[in-house]
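Every read-out reported here was derived from the displayed coordinates using simple, explicitly stated rules and does not represent laboratory data. Model, not experiment: these values are computed from the prediction. FYI the Cβ positions are ideal-geometry reconstructions off the backbone, even for glycines, and counts take in every protein chain you see.
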Amino acid sequence: KKSDIGIIGLAVMGENLTLNLESKGWLVSVYNRTVAGVEEGVVDRFTSGRAKDKNIVGFNQLGEFVNSLQAPRKIMMMVRAGTPVDELIEQLIPLLSAGDILIDGGNSNYKDTERRVEQLEKKGFYFIGAGVSGGEEGALNGASIMPGGSVDAWRDVRPILQSIAAKAEDGAPCCEWIGGGGSGHFVKMIHNGIEYGDMQLISEAYFIMKALLESSNDEMADCFSHWNEGKLKSYLIEITSHILKYKDADGSYVIDKILDVAGQKGTGKWTVINALELGMPLNLIATAVFERTISAWKEIRIEAAQAFNREAPKKTYVTEQLLVEVENSLYASKLVSYAQGFSVLKQASEEFGWMLDLAAIARLWRGGCIIRSAFLNNIAKAFEEDPQLFSLLLAPYFKDEILNALPYWKKLVSVAVREELPVPAVSSALNYFYSLTASWLPANLIQAQRDYFGAHTFERIDLPRGVYVHTNWKGDGENTKSGSYNA
Ligand code: NBP
């Protein structure tokens, strides 16, 4: 009997996805590049270990692996992103038949996926770039899956991918067709950027509580678990509560022993670079990425703290009141972050012709993935009511939410500034909200300066839009305009 699907790459993600697929009734073939490395070989170790007595067939030869699959072949690659994917595609191409479907489930750059879709389609094959979120747990028990690329292959792949996806509370699978080209990986990239933002916001909340209230780790854990019953209900809030409570064998808190230096693998950076290329503000995620970098300057920060004689703030705050401010600030800032992220998706959709369904994207993030949260339901509703919504902040429901949170949010940012505590993401979100809702911004002065030193011209309030004029500021008779006034 031929297998329903093949998995290449038996690292943590590939192994877990294979077991998940098998548990849903699919017959799975597996292959891994390196067959040796462990005593009995990577494939044999799996088939005689976690995959023993299951409907999983191992191959140490790529050709045999490909031949074991039912036509049209469905091959999912779970290998390291970058050149490994291209190398693998090169090896697979001579072994494939017309109509076969390659799926890249790794964290590939969407531009690579865009190129690969074209490359494979030209040769008569299909290519799907599927973002998979949820880490090893999600891979095993239900992930959030974002497939995009060759739409003609979706019908064949859909039952398989949807079977291994997480289910949202209403039972809907967290896997829907995203769009053409590299859209699946683009959406996964934005998901990861949003994850950076959420984590930074939660860390700022923890910082404020730790600095301004004499809260124990257990008290903070209780607070996060209380928030997890309200509007902030989400996976990251839930695990934060567990993390804060977690003790080592010696009875001490693990959180207090962790060095305050954050790592990053680059998906946050990509998200910001792409937002910049699309000309879209993504302030909150950019701040989150930059803060991870500053956190890594541990030695410099210690020296600078001594140089500026920074003292610990006075802990004189009323717990109840401050906690309400923190909860509201966290919620409103998170809302700004999602508003920015979805605006980038909207812009990308228009620019690349992907026709993204933003409500569907919000829905498929409700389960399986790291940013799963209750309020994605409200985001989906807002886009269902108005698919052309410029910003989530302008949806009637969220407008009210922001107005309710605003007094607490302002208060918290001013307290943090007064106490010299960094809350870069919470304050960046507040400033974004102020800018977005300011009918007048001081950009007239920027235009004047640009025209003054570079003859970049400007539009006037008493002339129609699109009419650009130049002023001879220095009175030197210089009337030549620059052609790059929109740069
Ligand atoms: P890794 O990202 O560590 O990749 C290891 C796998 O890639 C091994 O099977 C390795 O084979 C294979 N590989 C490499 Br490296 N170069 C290859 C090549 N030139 N040809 C063929 N195979 C090659 O594994 P992972 O952590 O399971 O992640 C897999 C993908 O899923 C990645 O793109 C990752 O970014 C993404 N992802 C990971 C997570 C997570 O939580 N870990 C979550 C979501 C997405 P070998 O045994 O021969 O070296």
Exercise for the section: Give me the angle, in degrees from 0 to 90, between the Cα long axis of helix 376-385 and the longest principal axis of the Cα atoms of the chain, rounded to the nearest 10. Expected result: 80
Fill in the blank from the handout: Pseudo-spin-label distance TYR246 to ARG301, built 7 Å along Cα→Cβ, given in nm, is 2.0
Handout entry: Pair GLN388, GLU64: separation of 7 Å Cα→Cβ label points (nm)
Key = 6.0
Handout entry: Rg/Rg_ref, the chain, where Rg_ref = 2.2 N^0.38 Å and atoms are Cα
Key = 1.12
Problem - Overall Cα dimensions of segment 1-73, principal axis frame, Å, largest first - result: 33, 25, 20
Exercise for the section: Quote the convex hull volume per residue of segment 188-436, based on C-alpha atoms, as a whole number of Å³. Expected result: 137
Completion exercise
Per segment 283-376, sqrt(5λ) over the Cα gyration tensor eigenvalues, sorted largest first, in Å, gives 36, 21, 11
Practice task
Give the Rg/Rh ratio for segment 5-181, taking Rg as the radius of gyration of the Cα atoms and Rh as the Kirkwood radius, to two decimals.
Solution key: 0.94
Exercise for the section: Give the distance, in whole Å, between the Cα centre of segment 206-271 and the Cα centre of segment 162-188. Expected result: 28
Problem - the chain: angle of helix 154-163 to the longest principal axis, Cα-based, in degrees nearest 10 - result: 80
Handout entry: Under 29 Å between alpha carbons - lysine pairs in segment 298-391 that sit 8 or more apart or on different chains
Key = 8
Completion exercise
antiparallel share of DSSP beta bridges within the chain, to nearest 5, in %, is 30
Completion exercise
Amide H neighbours of LEU69 at under 5 Å, excluding residues fewer than 5 places away on the same chain, with H built from the backbone geometry, are SER3
Exercise for the section: With a point put 7 Å past each Cα toward its Cβ, work out how far SER482 is from THR319 in nm, to one decimal. Expected result: 5.7
Handout entry: Nearest-0.05 FRET efficiency for ASP156 and ASN431, computed from C-beta distance (R0 35 Å)
Key = 0.15
Fill in the blank from the handout: Taking Cα atoms only, helix 267-277 is inclined relative to the longest principal axis of the chain by an angle, in degrees rounded to 10, of 60
Completion exercise
Given 25-34, 229-238, 360-369, the highest-first ranking by average Cβ count within 10 Å works out to 360-369, 25-34, 229-238
Exercise for the section: Using R₀ = 56 Å, calculate the FRET efficiency as 1/(1 + (r/R₀)^6) where r is the Cβ-Cβ separation of ARG418 and LYS111; round to 0.05. Expected result: 0.80
Exercise for the section: May I ask for the Kirkwood hydrodynamic radius of segment 178-244, worked out over all distinct Cα pairs and given in angstroms to one decimal? Expected result: 13.4
